[in-house]
1. Within segment 129-146, how many residues are surrounded by fewer than 24 Cβ atoms within 10 Å (Cβ to Cβ), in contact with a strand residue (DSSP E or B) (Cβ under 8 Å, 6 or more places away or on another chain) and more than 18 Å from ILE332 (Cβ to Cβ)?
2. Of the residues ILE193, ILE170, ILE203, which is modelled with pLDDT of 95 or more and in contact with a Phe, Trp or Tyr (Cβ under 7 Å, 6 or more places away or on another chain)?
3. Could you list all residues from segment 237-282 that are touching a Pro at 6+ places or on another chain (Cβ under 9 Å) and either open to solvent by 30 Å² or more (accessible area, probe 1.4 Å) or aromatic (Phe, Trp, Tyr) (or both)?
4. Evaluate segment 18-39: report whether one residue or more is within 23 Å of SER341 (Cα to Cα), open to solvent by 40 Å² or more (accessible area, probe 1.4 Å) and acidic (Asp, Glu).
5. Restricting attention to segment 247-298, report how many residues are acidic (Asp, Glu), over 20 Å from the mean Cα position of the chain (by Cα) and under 17 Å from GLY325 (Cβ atoms).
6. All but one of (1) open to solvent by 30 Å² or more (accessible area, probe 1.4 Å); (2) outside any strand (DSSP E or B) hold for LEU347; which doesn't?
7. Could you list, in sequence order, the residues of segment 181-238 that are among the charged types (D, E, K, R) and away from the ligand (no atom under 14 Å from the Cβ)?
8. Tell me the residue from ARG362, ARG315, ARG319 that is assigned by TED's automatic domain parsing to the domain that holds ILE223, open to solvent by 10 Å² or more (accessible area, probe 1.4 Å) and not β-branched (Val, Ile, Thr), please.
Amino acid sequence: MGILKPEIECASREDMKALQSARLKKMVENAYNNVPFYKQKLDELGISPADINSIDDITKLPFTLKTDLRDNYPYGLFAVPMTDLVRVHASSGTTGKQTVVGYTKKDIDVWSESAARAIAATGGTKDDIVHVSYGYGLFTGGLGLHYGAEYLGATAIPVSTGNTSRQIQIFQDFGSTVLCCTPSYALYLGESIRDAGISLDTIKLRAGIFGAEPWTDAMRKQIETLLGIEAYDIYGLSEIAGPGVSFDCECHNGMHVNEDYFYPEVIDPETLEPVPDGTVGELVFTCIGKEALPLIRYRTRDLCSITHEKCACGRTTVRMSKPVGRSDDMLIIRGVNVFPSQIEHVLLQQGMEPNYLIIVDRVNNLDTLTVEVEMAQNTFSDTIKDLETAKKKLEAAMQNTLNVHAHIKFVEYGTLPRSEGKAKRVIDKRKI
Ligand code: DLL
């Protein structure tokens with residue numbers, strides 16, 4: 001159902017490999033000739049673009065890390081001059097600085113087509129009305145699905161996040177047929193519709209495309225019942241493109257990777273050696289179809305497995321399992337990526353003690369973030385008013401850096417657990 005580009009999505013393994021080999025060769029030349037960071041890395045390893053002739057040569061190439069993007073902030077890894085860029089996006093970095101990504105016109109096309117394949121896989125056509133409730137802005141969710149819908153010729157409604165009653169009114173009045181948002185927000189929307197006593201007969205939604213955070217099959221069933229739709233998974237990360245790196249088909253048996261643009265590998269995060277199909281390891285992508293940011297073997301930190309088995313839907317593209325965790329400490333709170341190191345950075349910047357505890361929970365299907373912070377030893381005599389002011393200031397600073405609300409709770413000096421080894425800074429109470 002809904003295969004947008006059958007010549008690619010159902011290609012034989014040989015044809016796919018030939019395409020990937022040609023594209024890898026071209027992208028390595030681009031990276032080597034235009035990104036000093038890659039020239040230096042390849043020179044150090046004694047590799048030249050001429051050594052890369054097949055996709056199997058990819059293991060000769062070095063890995064790229066999120067810290068490499070930070071060290072070359074903001075534009076240092078771009079392979080094209082700024083004049084060729086038509087868009088930038090950004091995602092959370094591990095400290096105060098964001099990870100910046102850029103796109104040429106062709107890159108936007110590649111990404112839009114990738115997202116369009118995901119919408120088509122739900123049975124989507126130009127007759128669909130695609131209600132986009134992912135955030136619009138530096139986050140890739142909103143504009144990614146928006147351009148995907150337009151690429152398909154469907155009608156995009158750029159609703160963005162929040163204002164739940166308005167979202168529901170738009171469902172009813174604009175005739176939205178496909179909903180795109182985080183799975184936790186989809187659940188919240190479904191419950192709000194139920195609790196308001198609104199009949200599903202007044203809503204035309206038939207499918208949902210949910211991602212940007214982990215979710216379970218149990219959640220899928222709940223969302224499907226509450227909204228009367230079929231729910232599909234979509235995966236992506238800003239560094240590689242945004243939503244549409246891989247997507248769910250009607251078989252719901254792993255997400256099809258758009259591997260003609262984003263070549264996947266799974267490695268053992270300790271030895272960095274590739275692991276066989278079916279074994280969980282860290283997912284690594286090489287952008288073989290992009291011009292502006294040709295990342296080589298980018299370590300996503302997402303843990304999953306892949307399979308090359310042909311899917312019952314007819315597609316032959318590699319499928320990845322739902323990510324089962326991360327090989328770093330990144331948290332995803334309401335779809336926003338948060339690193340504990342960012343929180344620590346803000347606390348120190350604001351002159352606080354580096355004794356803190358991050359507590360993440362899910363209340364009424366919405367994530368909550370609380371940061372317990374120890375007051376300095378001499379602050380016990382502060383008035384409540386002073387504490388309230390300090391709390392507000394800290395909450396504003398957190399919001400600025402994290403892009404998500406953190407509830408600050410001051411606790412008395414010396415009350416947070418001290419650890420003799422690696423400090424346990426995060427308690428995640430969500431059961432995902
Ligand atoms: O979350 C892009 C996106 C937007 C994907 C909308 C899907 C829908 P980042 O903000 O860079 O990009 O976060 C990327 O989010 O490395 C995963 O850890 C996690 N993630 C994304 N999609 C899924 C998913 C967007 N379907 C990080 N299931 C990734 C589980 C996901 N985790």
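1. Adding up the residues that qualify gives 2.
2. Working: ILE193 fails: in contact with a Phe, Trp or Tyr (Cβ under 7 Å, 6 or more places away or on another chain); ILE170 fails: in contact with a Phe, Trp or Tyr (Cβ under 7 Å, 6 or more places away or on another chain).
Only one candidate passes the filter, namely ILE203.
3. ASP268
4. In the first step, residues of segment 18-39 are kept if they are within 23 Å of SER341 (Cα to Cα); the result is none.
No, because not a single residue in segment 18-39 is within 23 Å of SER341 (Cα to Cα), open to solvent by 40 Å² or more (accessible area, probe 1.4 Å) and acidic (Asp, Glu).
5. 2
6. (1)
7. Taking segment 181-238 and keeping what is among the charged types (D, E, K, R), we get 191, 194-195, 201, 204, 206, 213, 217, 220-221, 224, 230, 233.
Selection gives GLU191, ARG194, ASP195, ASP201, LYS204, ARG206, LYS221, GLU224, GLU230.
8. ARG319
The values are calculated or read from the model by the stated rules, or taken from the named source; none is laboratory data. Note that this is a predicted model, so its numbers are computed, not measured. Reconstructed Cβ throughout: ideal geometry from the backbone, glycine too, with neighbour counts over all protein chains shown. Ligands, DNA and RNA are stripped out before the accessible areas are found, and what is left, the full protein with its side chains, is counted by its heavy atoms. Shrake-Rupley method; radii C 1.70, N 1.55, O 1.52, S 1.80 Å.
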